[in-house]
């Protein structure tokens with residue numbers, strides 16, 4: 001997949017992860033908070049992959 005696709009997927013996972021963390025905190029659900037942290041980290045990695053693809057010239 002291309003740079004922009006990976007960055008968009010990464011942003012989506014970051015937003016979903018942060019949302020899960022906030023909801024988990026609000027309802028005192030540690031499992032949901034943990035899943036949110038993992039999903040946010042996945043998003044960070046996807047964005048890094050997009051950056052790497054961009055650095056190598058893959059824009060699609």
Subject >> Flag if residue 24 is modelled with pLDDT of 95 or more and surrounded by 15 or more Cβ atoms within 10 Å (Cβ to Cβ) >> reply: yes
Original post:
When you scan the range 34-60, how many residues do you find that are more than 16 Å from the chain's Cα centre (by Cα), surrounded by fewer than 13 Cβ atoms within 10 Å (Cβ to Cβ) and either touching a residue at least 40 places away in the same chain (Cβ under 8 Å) or assigned to a helix (DSSP H, G or I) (or both)?
Top reply: 3
**OP:** Return yes or no: is residue 31 free of Cβ contacts under 8 Å to residues at least 40 places away in the same chain and not in a loop (DSSP other than H, G, I, E, B)?
**Re:** yes
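The values are calculated or read from the model by the stated rules, or taken from the named source; none is laboratory data. No experiment lies behind these values; they were computed from the predicted model shown. When we count neighbours, we look across all protein chains shown, and the Cβ atoms used for this are built from the backbone with ideal geometry, even at glycine.
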